[in-house]
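To start, the structure under review is shown below, and the notes come after it.
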Amino acid sequence: MTLLTTWADSDSRTVLLRTTEPAEISAALSPIGVRFEQWPVHDGLPSSADSATILAAYRAEVDKLVTEENFSTVDVASLHPSEAPDWPETAKAARERFLREHTHDDDDEVRFFIAGAGIFYLHVQGKVHAVYCEKGDLLGVPRGTTHWFDMGAIPSFTAIRFFHEEDGWIGNFTGSDIASRFPDFDEIRAGYKGEVS
């Protein structure tokens, strides 16, 4: 289930909006140009499915979006807990990279979640919108939108990524520490799961 939490960018203690209603989430995000959709989920995919299998399962949805938005590249990003000795360092480095506020000059950031969860924080027009995404959620962050992404201390997600540019993900970091002033993935997830269980 998706969760949207909105604060003023100067006050992370006062929640302005908190909702799990898809229509309310869409209504809050569309005025700032953010695309939010929920696609049907293909539950038959094994957790070990490779990129080709995932893309084949979602071929109709992917092709439709590629045609609508003229994307040139589609791939699958996946990060799940591992028993590999370097897992803690790999997870920490991946999280730290995306946890810093940034923009993209040349491309939108469009993700469809196949498994797991992540939060996109959108810093727009004096507000911070945290969009907690899970399996079935598609979020499109327009180029130039100031944002950051948190996958938690123990990342676990798989997402289809869409790009207009073949270079893929290129971030322009703002140097702001704003991400450290708002609840992170683990804080939001703990509160959210406590509400709905």
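A few points about this structure:
- Filtered by the rule that a residue be closer than 14 Å to Phe120 by Cα and either touching a Cys at 6+ places or on another chain (Cβ under 8 Å) or exposed (fewer than 13 other Cβ atoms within 10 Å of the Cβ) (or both), the stretch 1-33 gives a lone residue, Thr2.
- Of all residues in the stretch 42-59, none satisfies being within 19 Å of Gly171 (Cα to Cα), touching a strand residue (DSSP E or B) at 6+ places or on another chain (Cβ under 8 Å), small (Gly, Ala, Ser) and not in a strand (DSSP E or B).
- Matching option when the condition is part of a strand (DSSP E or B) and either polar (S, T, N, Q) or touching a Leu at 6+ places or on another chain (Cβ under 6 Å) (or both), among Tyr121, Tyr132, Tyr192: Tyr132
- In the set (1) part of a helix (DSSP H, G or I); (2) of a type in the set (Val, Ile, Thr); (3) in contact with a Phe, Trp or Tyr (Cβ under 6 Å, 6 or more places away or on another chain), the condition left unmet by Val66 is number (3).
- The stretch 1-41 - residue that is part of a loop (DSSP other than H, G, I, E, B) and of a type in the set (A, V, I, L, M, F, W, C) and, of those, farthest from Ala130 (Cα to Cα): Val41
- Out of Ala190, Ala179, sole residue that is touching a Phe, Trp or Tyr at 6+ places or on another chain (Cβ under 6 Å) and farther than 28 Å from Thr73 by Cα: Ala179
- Residue match in the stretch 76-94 (condition: of a type in the set (A, V, I, L, M, F, W, C) and under 21 Å from Gly33 (Cβ atoms)): no
- When residues of the stretch 66-86 are limited to those that are among the hydrophobic types (A, V, I, L, M, F, W, C) and within 17 Å of Ser48 (Cα to Cα), the one surrounded by the fewest Cβ atoms within 10 Å (Cβ to Cβ): Ala84
- Taking the listed residues Arg13, Arg18, Arg95, Arg59, the one that is at negative phi and touching a Pro at 6+ places or on another chain (Cβ under 7 Å) is Arg95, with no other qualifying.
Read-outs: derived from the displayed coordinates by stated rules, not from any lab. All figures in this text were calculated on a predicted structure; none of them were measured in a lab. FYI the Cβ positions are ideal-geometry reconstructions off the backbone, even for glycines, and counts take in every protein chain you see.
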